[in-house]
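Asks: This is the structure I want to talk about, given as structure tokens.
Every read-out reported here was derived from the displayed coordinates using simple, explicitly stated rules and does not represent laboratory data. Note that the structure is predicted; figures quoted are calculated from it, not measured. Every residue, glycine as well, gets a Cβ built from its backbone with ideal geometry; the counts of neighbours run over all protein chains shown.
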Amino acid sequence: MEFPDQALEESSQRKIGRGKIEIKRIENTTNRQVTFCKRRNGLLKKAYELSVLCDAEVSLIVFSSRGRLYEYSNNRLLIPELGMFYVELTCLDLQLL
């Protein structure tokens, strides 16, 4: 016979939540694109939340595999600075080749 306290102990030991995934490249292009869109949106949301909750200046630039640019900044002045920083880094990389 099972007592109510015993059933509660067994159920509380079960872990509820998401399982871990192996971090590796997604081979299927459709699945990879869907995952990119979902994770990009999640990352943009986290950047926004960080800027609001912590009163931090946050800028985020994401390039897709197709070369599209996605950006977020809570300060409009930071985007041009980041763009110039990216251009300078790209020029440095080309000079090193």
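Asks: Based on the Cβ-Cβ distance from Glu22 to Glu81, what FRET efficiency comes out when R0 is 25 Å, to the nearest 0.05?
Replies: The computed FRET efficiency comes out at 0.10.
Asks: Describe numerically, in nm with one decimal, the distance between label points set 7 Å from Cα along Cα→Cβ at Thr35 and at Val62.
Replies: Taking the simple label geometry, Thr35 and Val62 are separated by 1.4 nm.
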